[in-house]
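Nothing in this text is a laboratory measurement; each read-out follows from the coordinates by a stated rule. All values derive from a computational prediction rather than experimental measurement. Note: ideal-geometry Cβ built from the backbone for every residue, glycine included; neighbour counts use all protein chains shown.
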Amino acid sequence: MSWHAVEAHRPADELDGEVELAVCGAIVQIWGTQDWDRVSAGRSACAECRQRTAPALRSVG
Ligand SMILES: [Zn+2]
């Protein structure tokens, strides 16, 4: 299972279960309760989302 990056403009708890548009253009459903500690960048990530969010991820550290 791969993940996509989504530009969220609402609180995560509000987005839980919602369908949003990912940065690569894919339609994805958001699960706010997901344990993100187990999601490592670069592994099973959508290649296009990873490429488009790479600069932002770097600036955050
Ligand atoms: Zn994607």
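Among 7-15, 46-54, how do they line up from the highest to the lowest mean number of other beta-carbon atoms within 10 Å? List each step's numbers first, then the result.
Numbers: 7-15: 11.1, 46-54: 15.9.
Going from most to least packed, we get 46-54, 7-15.
Once amide H atoms are built 1.01 Å from N in the peptide plane, which residues 5 or more positions from GLU18, or in another chain, come under 5 Å H to H?
ILE30
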